Amino acid sequence: MIPGARLIILGRQGAGKGTQCTRLSRHYVVPHISTGDMLRAAVREGTELGKTAKAIIDDGGLIGDEIMIGLVKERLSRGDAMSRGYILDGFPRTVGQADALVEFTAEQGRMVDVVIDLDVPRERVLERLSSRRVCRDCGTNYTATGTERNGWSCDVCGGDVVQREDDTPESISRRLDLYESQTEPLIAYYEERNELVVIDGFGHPDDVLARMIGAIDLRKRGGSAAAGSR
Ligand code: ATP
Ligand code: MG
């Protein structure tokens, strides 16, 4: 039997969290819980949450902690996450969200195995984000080269591959600023809890994945967090 895992992935917009979390989710056979994907699905379905969230997302702002905490707690309480674990992508993003998650996992008696900071500098992610395209239906990420035909469809599910409405230069810059002010403090937060491993997110996706799995497995075997880092 493949053992599960409970992971939190931090990292700037465009650091490769979505790509790596999809792969990690297959490797450990645990759900990939992306709050961005959950919110985009709510927008598509036109739910109350989606209606509230759309303008904030397009503008590059953050949805309130209370809503996000409720959404994630509900998802983490389902059977798959309770029994095998999860990969959290895009949550927590503020100290308030992190505090709520620590409290929740303590109540459940299931603490996270490791928090990974997937580190890619700001200059590099800016290049990646401008050429990013995404499947509207399943969220698979692609990189545009400029030679694509119109009506690009997804290799995985056949859905439409489009540019995200929040991947405009203004929204990208606002999100990166918010990452620095609201989310970067979580790196020190988890370091103090001795749960953090920093992984260099630059390089071929296969190499980055191998580095992540190496660090996670070491940590799950009880190795020190620092030994798995760069
Ligand atoms: P990436 O480029 O890696 O996908 P991102 O931050 O641009 O990262 P998502 O994680 O997909 O994009 O999130 C999209 C938007 O959804 C965010 O800009 C924000 O408005 C909202 N959002 C997602 N997660 C949260 C959260 N935990 N707290 C508040 N708002 C959130
Ligand atoms: Mg993402």
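The values are calculated or read from the model by the stated rules, or taken from the named source; none is laboratory data. Just so it is clear, the structure is predicted and the values come from calculations on it, not from any experiment. Cβ sites come from the backbone with ideal geometry, for glycine too, and all protein chains shown count toward neighbours. Ligands, DNA and RNA are excluded from the accessible area calculation, which covers all protein heavy atoms including side chains. Shrake-Rupley method; radii C 1.70, N 1.55, O 1.52, S 1.80 Å.
The lone criterion from (1) modelled with pLDDT under 95; (2) within 16 Å of ligand 2 (Cβ to nearest atom) left unmet by Pro121 is number (2). Does region 11-23 include one or more residues that are touching a Leu at 6+ places or on another chain (Cβ under 9 Å) and free of Cβ contacts under 8 Å to residues at least 24 places away in the same chain? Scanning region 11-23, I find no residue that is touching a Leu at 6+ places or on another chain (Cβ under 9 Å) and free of Cβ contacts under 8 Å to residues at least 24 places away in the same chain, so the answer is no.
Mind telling me which of the residues Leu176, Leu118, Leu218, Leu129 ends up being in a helix (DSSP H, G or I), of a type in the set (A, V, I, L, M) and within 17 Å of Ser34 (Cβ to Cβ)? Matching residue, one of Leu176, Leu118, Leu218, Leu129: Leu129. In region 192-220, the residues that are of a type in the set (Phe, Trp, Tyr) reach residues that are surrounded by 17 or more Cβ atoms within 10 Å (Cβ to Cβ) with C-beta atoms within less than 6 angstrom, at least six apart or across chains, in these pairs: Phe202/Val120.
Being open to solvent by 60 Å² or more (accessible area, probe 1.4 Å) and under 30 Å from Glu191 (Cα atoms) narrows it down to one of Arg136, Arg149, Arg78, so name that one. Explain how you work it out, then say what you get.
Values: Arg136 fails: under 30 Å from Glu191 (Cα atoms); Arg149 fails: under 30 Å from Glu191 (Cα atoms).
Going through Arg136, Arg149, Arg78 in turn, just one is open to solvent by 60 Å² or more (accessible area, probe 1.4 Å) and under 30 Å from Glu191 (Cα atoms): Arg78.
Report yes if Asp89 is in contact with a strand residue (DSSP E or B) (Cβ under 7 Å, 6 or more places away or on another chain) and within 11 Å of ligand 1 (Cβ to nearest atom), otherwise no. Before the answer, list the steps.
Numbers: in contact with a strand residue (DSSP E or B) (Cβ under 7 Å, 6 or more places away or on another chain): yes; within 11 Å of ligand 1 (Cβ to nearest atom): yes.
Yes: the conditions hold for Asp89.
The requirement of being buried (at least 19 other Cβ atoms within 10 Å of the Cβ), in contact with a Pro (Cβ under 6 Å, 6 or more places away or on another chain) and in a helix (DSSP H, G or I) is not satisfied by Ala53.
If I filter region 29-49 for residues that are open to solvent by 60 Å² or more (accessible area, probe 1.4 Å), of a type in the set (Lys, Arg), within 30 Å of Glu123 (Cα to Cα) and under 16 Å from the mean Cα position of the chain (by Cα), do I get at least one hit? Yes - at least one qualifying residue is present in region 29-49. Looking for something touching a helix residue (DSSP H, G or I) at 6+ places or on another chain (Cβ under 9 Å), farther than 18 Å from Phe91 by Cβ and not in a loop (DSSP other than H, G, I, E, B) - is there at least one such residue anywhere in region 146-155? Looking for residues that are touching a helix residue (DSSP H, G or I) at 6+ places or on another chain (Cβ under 9 Å), farther than 18 Å from Phe91 by Cβ and not in a loop (DSSP other than H, G, I, E, B), one finds none in region 146-155, hence no.
Look at region 47-75: where a residue is farther than 16 Å from Pro92 by Cα and a partner is within 16 Å of ligand 2 (Cβ to nearest atom) and of a type in the set (S, T, N, Q), sitting 6+ places away or on another chain with Cβ atoms under 8 Å, you get Asp58/Ser171; Asp59/Ser171; Gly60/Ser171. If you filter region 89-115 down to residues that are more than 13 Å from the chain's Cα centre (by Cα), assigned to a loop (DSSP other than H, G, I, E, B) and touching a residue at least 24 places away in the same chain (Cβ under 8 Å), you find that the one that is nearest to Gly11 (Cα to Cα) is Thr94. Filtered by the rule that a residue be within 13 Å of ligand 1 (Cβ to nearest atom) and aliphatic (A, V, I, L, M), region 18-57 gives Ile33, Met38, Leu39, Ala41, Ala42, Val43, Leu49, Ala53, Ala55, Ile56, Ile57.
Check region 58-65 and report whether any residue there is at pLDDT 95 or above, assigned to a helix (DSSP H, G or I), within 13 Å of ligand 1 (Cβ to nearest atom) and more than 22 Å from Asp167 (Cβ to Cβ).
Residues of region 58-65 at pLDDT 95 or above: 61-65.
Keeping just the survivors that are assigned to a helix (DSSP H, G or I) gives 65.
Next, only the ones that are within 13 Å of ligand 1 (Cβ to nearest atom) stay: 65.
Now restrict to residues that are more than 22 Å from Asp167 (Cβ to Cβ): 65.
The answer is yes, given that some residue of region 58-65 is at pLDDT 95 or above, assigned to a helix (DSSP H, G or I), within 13 Å of ligand 1 (Cβ to nearest atom) and more than 22 Å from Asp167 (Cβ to Cβ).
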